[in-house]
1. Sort through 35, 55, 6 and tell me the only one that's open to solvent by 80 Å² or more (accessible area, probe 1.4 Å) and closer than 12 Å to residue 69 by Cβ.
2. Residue check, residue 73 against (1) at pLDDT 95 or above; (2) outside any loop (DSSP other than H, G, I, E, B), all met but one. Which one?
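The values are calculated or read from the model by the stated rules, or taken from the named source; none is laboratory data. Since we're looking at a predicted model, the values are computed, not measured. Please note: Cβ atoms are built from the backbone with ideal geometry, for glycine as well, and neighbour counts cover all protein chains shown. Ligands, DNA and RNA are stripped out before the accessible areas are found, and what is left, the full protein with its side chains, is counted by its heavy atoms. Shrake-Rupley method; radii C 1.70, N 1.55, O 1.52, S 1.80 Å.
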Amino acid sequence: MNRVYDRLVTLLHNKFEVPADRVGPTATLGELDLDSLAVVELYVTLQEEWGVALDDSAASAELTVAEVAHSVSEQLALPTEPVPHDGSGR
């Protein structure tokens with residue numbers, strides 16, 4: 001999760017202009033002054049950047065930075081679906 005957490009901290013700092021010294025694992029997105037629109041924008045950005053499907057309905061200013069990073073990490077850990085082999089050799 002460290003790689004995801006570190007990237008999330010960078011994203012909050014660069015895109016949402018949250019001072020890096022305010023970002024910590026237990027800080028909620030609301031405490032970092034992200035309103036509901038910014039939280040949804042964060043989720044969309046994370047989905048695009050990491051290629052994961054996050055539950056937008058779970059996006060909340062009450063989530064901590066660690067919880068958001070954990071959600072992304074869980075999605076990255078999902079096993080990929082095997083590609084069906086139809087015997088054609090393709």
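1. 6
2. So the condition that residue 73 fails would be (1).
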